[in-house]
Amino acid sequence: MAGRRLERASTNAIAVRLSEWTRAPSNVLLHADLGTTPEPGIVDWLAALQHSGHAVTWSGSPPAVAMSSEALADPRGSVRIDVAAPSGTSVTLRDSASVVDSVRVNTLGATIVTPLAVGTLVGDAGGQRFSAPSPASARVRAIVVIGNASWEGKFIASSLEERGWPVIARFHVAPGVDVTEGTIAPLDTSRVAAIIAVDTTIQSLGGAVERFVRSGGGLVLAGPAGLATNVASLDAGSLGARTRPSVLPADSIGLGTTGFYPVTALAQDGVVLDRRSAGVAVAARRVGAGRVLQIGYDDSWRWRMTGGPGSEIAYRDWWSRVVAAVAYLPAAAPAVLNGSAAAAPLAHLIDRLGPARPIAAENIPRPPLDRRLLLTIIMILLLTEWSSRRLRGLR
């Protein structure tokens, strides 16, 4: 490092030093001491200096954080925000209008669902800022509810309609007699987002169900629907004997207290989502481009009708979340990030400037030889060679 000047700046000072660094000779070493990652524009400026021949390095331990946002399949336009940060970190989220929420990150990150997001979403984790654009609201498609005429099918369909979902219902009331609302055919993702089957009458749809799921559609198999032969290849698992419901006061009835079909012999790629003392109540799996949710509950309607205060709203919201978990959504146009922080700041920093390197002579790259100097040396060598030949010719 002898004979080479070193310029260094901290995260807070680097922005005001950039103009000075840009005018500095290429043999000046530029080093950033970073406690947090600077804004993307500053990182890109440093990368441009490095590309132009300056020796630019950085050191420090900025927190590894990242954020993404996704529009949920919800008629009310909800947005899910996924945050990754070191375990135990407190993250505050805000959009262009106000604070959205705050959350403490667990081992696998954290998720916040908000009914509305305006502009750019910005997270702050101990002074480290990171951001993601607010996605446009998803346009939801119809939900097919199919089964025998029963309280279960009736209240599932009505609760989804109350939430704002367009519903196509087909209920079997007698041999050869169905009551329908809307038209199921054609069963494809251009008009249908998901199917909810409350029993084995889904067999009437034949192989169209599997084709629909493999092309991206969602499927919810409630209660005994998993016993239907045409969904055997789609099940998250087999169904065991139905558990007996608990005997509870009317205002204590809730999800899982009325008995259910446990999901047993889980498929190799099946994932348990809800486990009760009597077994797995909810499991899921991916099939092709679609998702399948197998729910053992077959009389959730009792929760709505005879549960405690607020059970009607809780029932409606739960079924809406179930549908949203599997519903097909068309690919959205990529949102443009206009914020002052990257979605993954540390990853962006390493991508543009390389990994952290302490200040040491052996770790600092030397700037390339100036092209003008190189050209001068070449010309001197050529003149020397030419002069040498001329002198030899005169002898």
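The values are calculated or read from the model by the stated rules, or taken from the named source; none is laboratory data. Predicted model only: the values in this text are computed from it and were never measured. Note that each Cβ is placed from the backbone with ideal geometry, even for glycine, and that neighbours are counted across all protein chains shown. SASA here: full protein model, heavy atoms, side chains in, ligands and nucleic acids out. Shrake-Rupley method; radii C 1.70, N 1.55, O 1.52, S 1.80 Å.
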Of the conditions (1) open to solvent by 40 Å² or more (accessible area, probe 1.4 Å); (2) in a strand (DSSP E or B), residue 121 fails just one. Which one is it? (1)
Tell me, which strands (runs of 3 or more DSSP E) lie completely within segment 31-112 with 3 or more residues that are within 26 Å of residue 329 (Cα to Cα)? 66-71, 79-84
Residue among 32, 15 that is open to solvent by 50 Å² or more (accessible area, probe 1.4 Å) and of a type in the set (A, V, I, L, M): 15
Members of segment 70-88 that are of a type in the set (Ser, Thr, Tyr) and either open to solvent by 30 Å² or more (accessible area, probe 1.4 Å) or more than 14 Å from the chain's Cα centre (by Cα) (or both): 87
Subset of segment 158-170 (residues that are touching a residue at least 12 places away in the same chain (Cβ under 8 Å), assigned to a helix (DSSP H, G or I) and open to solvent by 10 Å² or more (accessible area, probe 1.4 Å)): 162, 163
Of the conditions (1) modelled with pLDDT of 90 or more; (2) open to solvent by less than 90 Å² (accessible area, probe 1.4 Å); (3) not aliphatic (A, V, I, L, M), residue 352 clears all except one; give me its number. (2)
Is segment 290-300 home to any residue that is crowded, with 21+ Cβ neighbours inside 10 Å and assigned to a helix (DSSP H, G or I)? no
Filter segment 103-118 for residues that are under 23 Å from residue 73 (Cα atoms) and polar (S, T, N, Q); which is surrounded by the most Cβ atoms within 10 Å (Cβ to Cβ)? 114
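Per-residue answers, yes or no, for (1) of a type outside the set (Phe, Trp, Tyr); (2) within 23 Å of residue 358 (Cβ to Cβ); (3) modelled with pLDDT of 90 or more; (4) in contact with a Lys or Arg (Cβ under 9 Å, 6 or more places away or on another chain):
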{"residue": "19", "(1), (2), (3), (4)": "yes, no, yes, no"}
{"residue": "23", "(1), (2), (3), (4)": "yes, no, yes, no"}
{"residue": "30", "(1), (2), (3), (4)": "yes, yes, yes, yes"}
{"residue": "43", "(1), (2), (3), (4)": "yes, yes, yes, yes"}
{"residue": "63", "(1), (2), (3), (4)": "yes, yes, yes, no"}
{"residue": "78", "(1), (2), (3), (4)": "yes, no, no, no"}
{"residue": "88", "(1), (2), (3), (4)": "yes, no, yes, yes"}
{"residue": "104", "(1), (2), (3), (4)": "yes, no, yes, no"}
{"residue": "107", "(1), (2), (3), (4)": "yes, no, no, no"}
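To keep it simple, each residue is scored yes or no on (1) in a loop (DSSP other than H, G, I, E, B); (2) buried (at least 17 other Cβ atoms within 10 Å of the Cβ); (3) more than 34 Å from the chain's Cα centre (by Cα).
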{"residue": "210", "(1), (2), (3)": "no, yes, no"}
{"residue": "221", "(1), (2), (3)": "no, yes, no"}
{"residue": "226", "(1), (2), (3)": "no, yes, no"}
{"residue": "243", "(1), (2), (3)": "yes, yes, yes"}
{"residue": "267", "(1), (2), (3)": "yes, yes, no"}
